[in-house]
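Worksheet: one structure, shown below.
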Amino acid sequence: MTAPTQPRRSDATRAAILRAARERFAADGYERATIRAIAADARIDPSMVMRYYGSKEGLFAAAAEFDLRLPDLAAVSPEQLGEVLVRHFLARWEGDETLVALLRAASTNPGAAERMRGIFADQLTAAVAAFGTDPALTARRAGLVASQILGLAFTRYVVRLPPMVDAEPEELVSWIAPTLQRYLTGLPQI
């Protein structure tokens, strides 16, 4: 009979770091949370945080648990899908600084980029599949929607391009909703 395996010390350290990071990011936000404070909360040396996660961005990507809280698209009138999604994402981006922090981190950190890909691929693809699109096109439609939504978020909240920052949400809805609508319900012109 073999002895039960004990969790490796590194696994316990990683778990403690992630627990402390989630609490600190939630309490202080991405910008104010520091590696030193997270390490102190986890009762470890800050160098251990850097050893396991490489950077604050890498730690944030690993610690971040995001639910896009997408609406049930099966319950939305097919003619309103684009509008509903643009409104939803504008509300999410404007109401949750952690999504903007993850987008910033994803532009420079491979771990954060992988996290962002996973969030959008899993959650958005499932939402698009729910309204009854051709399964062969579901991933492509979700990818095109993500390209617009992430582009909007990047220019409005990260780069802060003045025409995008200055635009009222209703104006953005009027510009972007028809494009999302076409991505969601149109047929490709091949």
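The values are calculated or read from the model by the stated rules, or taken from the named source; none is laboratory data. Here the structure is a predicted model, which means the values were calculated and not measured. No Cβ is skipped: glycine too gets one built from the backbone with ideal geometry, and neighbour counts run over all protein chains shown. All accessible areas refer to the heavy atoms of the entire protein, side chains included, with ligands and DNA or RNA removed. Shrake-Rupley method; radii C 1.70, N 1.55, O 1.52, S 1.80 Å.
General observations
So that you can scan it fast, the table gives a plain yes or no per residue for (1) in contact with a Ser or Thr (Cβ under 7 Å, 6 or more places away or on another chain); (2) on the phi > 0 side of the Ramachandran plot; (3) in contact (Cβ under 8 Å) with a residue 24 or more places away in the chain; (4) buried (at least 19 other Cβ atoms within 10 Å of the Cβ):
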site	(1), (2), (3), (4)
GLU83	no, no, yes, no
PRO110	no, no, no, no
ILE119	no, no, yes, yes
ALA127	no, no, yes, yes
GLY143	no, no, no, no
VAL159	no, no, no, no
PRO162	no, no, no, no
GLU171	no, no, no, no
LEU180	no, no, yes, yes
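- Number of the condition not met by ARG160 [criteria: (1) assigned to a helix (DSSP H, G or I); (2) out of contact with any Pro (no Cβ under 9 Å at 6 or more places or on another chain); (3) not polar (S, T, N, Q)]: (1)
- For GLY95: the one exception among (1) without any contact (Cβ under 8 Å) to a residue 24 or more places away in the chain; (2) farther than 30 Å from LEU144 by Cβ; (3) open to solvent by 20 Å² or more (accessible area, probe 1.4 Å): (2)
- Scanning segment 54-73 for residues being modelled with pLDDT of 90 or more, open to solvent by 30 Å² or more (accessible area, probe 1.4 Å) and on the phi < 0 side of the Ramachandran plot gives a total of 3.
- Restricting segment 25-39 to residues that are in a helix (DSSP H, G or I) and open to solvent by 60 Å² or more (accessible area, probe 1.4 Å), the residue that is farthest from PHE131 (Cα to Cα): ARG36
- Hits in segment 6-24 - residues which are open to solvent by less than 30 Å² (accessible area, probe 1.4 Å) and polar (S, T, N, Q): SER10, THR13
- If you filter segment 82-104 down to residues that are modelled with pLDDT under 85 and touching a Lys or Arg at 6+ places or on another chain (Cβ under 8 Å), you find that the one that is nearest to MET164 (Cα to Cα) is LEU99.
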